[in-house]
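The values are calculated or read from the model by the stated rules, or taken from the named source; none is laboratory data. Because the structure is predicted, anything quoted here is derived from the model rather than measured. FYI the Cβ positions are ideal-geometry reconstructions off the backbone, even for glycines, and counts take in every protein chain you see. Each accessible area value is taken on the protein alone, full model and side chains, heavy atoms only, with ligands, DNA and RNA left out. Shrake-Rupley method; radii C 1.70, N 1.55, O 1.52, S 1.80 Å.
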Amino acid sequence: MPSRVHIARCRLLVSFLAVAVLACASPASAAPHRGATSATTNAPEPRTGRLLVTVDRGMQSRASTNVLTSLGVRKDGEQVPQVGLVTVRPLLGETLAASAALLRTVPWVKSVSVERRMSLRFVPNDPAITQAETSSGTPGGIPKEWWAASEDLFAGWDVANGTGAKVAIIDSGIDGSHPEFAGKIVAAIDNDTTIGGGPANTDSNGHGTHVASLACANGNNGAGIVGAGLNCSLIVLKSDLSDSSIIQSLVQASDAGADSINMSFGTDGSVPPPPAFVAALNYAISKNVVLVAAAANAPIEEQGDPANVLQPTGTGPDITFNKGLSVTSADYNHVRSSFAGKGSQISIAGHGNFAAISGPPGVLGAWPANFTEIEAEGCGCRTSVNGDNRYAYLAGTSMATPQVAGVAAIVRHFNPDLSAADVVRILKQTATRPAGTGWSPELGWGIVNLGAALNAARLVDRLAPRSKSRGPKKLRGRVFTLKWTGKDLARPGITPSGILRYDIWRKKNGGGYHRIAKTIRQKRKMTLKRGARYRFYTIAIDKQGNREAKPSKADVSLRVSRSR
């Protein structure tokens, strides 16, 4: 039975005559304006099921209801005569592709596009994102959480919001009752053997709570700050910072599915790390966890371990050395903080303070409700956001590191086919640095940039393509054409690289398979030997080198008759 589109093609000439008469008989009139539909958030360019058709201005009358019906579509959505837009939807039984193809044959149609639905640009409503920093010496209009824009977090969150990503924090624990961590903590493990230290969801020191918030504080909850990883979850490992406690924590975090592990601690590097410590780091790397460690809080070139294990002396400028990230601190002016480590053990930077002599006394983060050990040392760091005094300013590479860990977790989770080394390389390649420059001993490869990192990660295609060959059900004579189809696969949000070529494999009688051709085409004519039995399959290879696995059995099996 002929399709509706086929019938429409037959009616097309009659329709042209009809609309020509209509155009002469009555002036063009504006189509009625329909109400706008509500926007959909967090959906990258979904389709509405409609087509946007543009015609010459003043020719809207040609797109009458009867004519559109004969073309297999009907008006639906906004009609905007000012720009010659007619929005249509295919009739029941017709496809977007078929309707678009038919509409493109119409002389008075200028263009046909599939309609998208855009996403709202997301900026969290956390007060620190927009409230001005009022500390003495701060330039006017600078928000409390100024580092979010500097690290291009807003552009990155439009691409991926971190839902499902996990950041492990090995530190002094966390104030689990803080609103910044509501629903965030997926595991809390106590590896602190200190007497009276309390469970993992408590923090008598304050450092762990502050660090965890810079990685994954609740976003868009109308309170306080937002972490670099936005919707990421937390694996909290309370440690007394002994070697065995850290080793245990590294293994537990890796086994718990962490995308990144934050280590805002270190040694002076005067003695080598224990082999078991290095083994635990390597264990995490083998589990494809991105390891992120703080550089020294002194302007020296020896960063101590774990930083110097992840980026040993002399390897900083080598972008192919990607065990993990040693993070130094940058200030508001995009220069290394005066207190921060430098030299060839530095991988990258995050923001760890505002400025040396003016502005806020550090980076704003969450703080325990209880009086802390850091406060007992006289830090004077506690502050309030919208009347809530569970926040504090701290400065240091410890503050820069969880921002990088949060970014790393988003990138790692966004493209789960990436290895940890891939993520490390991407963060280095996309870091913000002066144009035309590479690595420097001041900031390594530059300041972490989430937006640029995600744009790079979406172009890394690690899924193999697929192909399927076919031949005649019954062979007539000795000549036949092998045909095949192929598709390069990619995860949602990732751009497939495209198929580079196909390899054709053939088996004759009882022999083994042999590759008989490499081609970009999708068919091949072959002459076969009488009385022989053949089997064929194809292997697709994409432009990033991913190779389709050998099928369990041949796609095509043929036996050639001995007779003519």
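A few points about this structure:
- Residues in segment 252-301 that are more than 30 Å from Phe414 (Cα to Cα) and part of a strand (DSSP E or B): there are none.
- Residue match in segment 223-241 (condition: free of Cβ contacts under 8 Å to residues at least 60 places away in the same chain and either in a loop (DSSP other than H, G, I, E, B) or open to solvent by less than 10 Å² (accessible area, probe 1.4 Å) (or both)): yes
- Scanning segment 339-380 for residues that are closer than 26 Å to Val309 by Cβ and of a type in the set (Ser, Thr, Tyr) returns Ser344, Ser347.
- Identity of the residue in segment 51-74, touching a residue at least 24 places away in the same chain (Cβ under 8 Å) and farther than 17 Å from Lys110 by Cβ, that ends up surrounded by the most Cβ atoms within 10 Å (Cβ to Cβ): Gly72
- Matching strands (runs of 3 or more DSSP E) fully within segment 332-405 where at least 1 residues are open to solvent by 10 Å² or more (accessible area, probe 1.4 Å): 382-385, 388-394
- In the condition set (1) open to solvent by less than 50 Å² (accessible area, probe 1.4 Å); (2) over 27 Å from Ala340 (Cβ atoms), Leu454 is compliant with all but (2).
- Options Pro416, Pro441: the member that is more than 21 Å from the chain's Cα centre (by Cα) and under 22 Å from Ile319 (Cα atoms): Pro441
- Residue count for segment 322-331 satisfying the condition of being open to solvent by less than 10 Å² (accessible area, probe 1.4 Å) and in a loop (DSSP other than H, G, I, E, B): 1.
- Test set (1) under 30 Å from Arg336 (Cβ atoms); (2) touching a strand residue (DSSP E or B) at 6+ places or on another chain (Cβ under 7 Å); (3) modelled with pLDDT of 95 or more - Gly266 fails condition number: (3)
- Helices (runs of 4 or more DSSP H) completely within segment 109-221 that count 3 or more residues being crowded, with 24+ Cβ neighbours inside 10 Å and in contact with a helix residue (DSSP H, G or I) (Cβ under 6 Å, 6 or more places away or on another chain): 207-216
- Matching residues in segment 407-442 - criterion: being open to solvent by less than 30 Å² (accessible area, probe 1.4 Å), in a loop (DSSP other than H, G, I, E, B), in contact with a Lys or Arg (Cβ under 8 Å, 6 or more places away or on another chain) and not polar (S, T, N, Q): Leu418
- Of the criteria (1) within 20 Å of Gly362 (Cα to Cα); (2) touching a residue at least 60 places away in the same chain (Cβ under 8 Å); (3) of a type outside the set (Lys, Arg), which one Asn288 fails: (1)
- Consider segment 487-507 and keep the residues that are in contact (Cβ under 8 Å) with a residue 12 or more places away in the chain and open to solvent by 80 Å² or more (accessible area, probe 1.4 Å). The one that is nearest to His413 (Cα to Cα) is Arg491.
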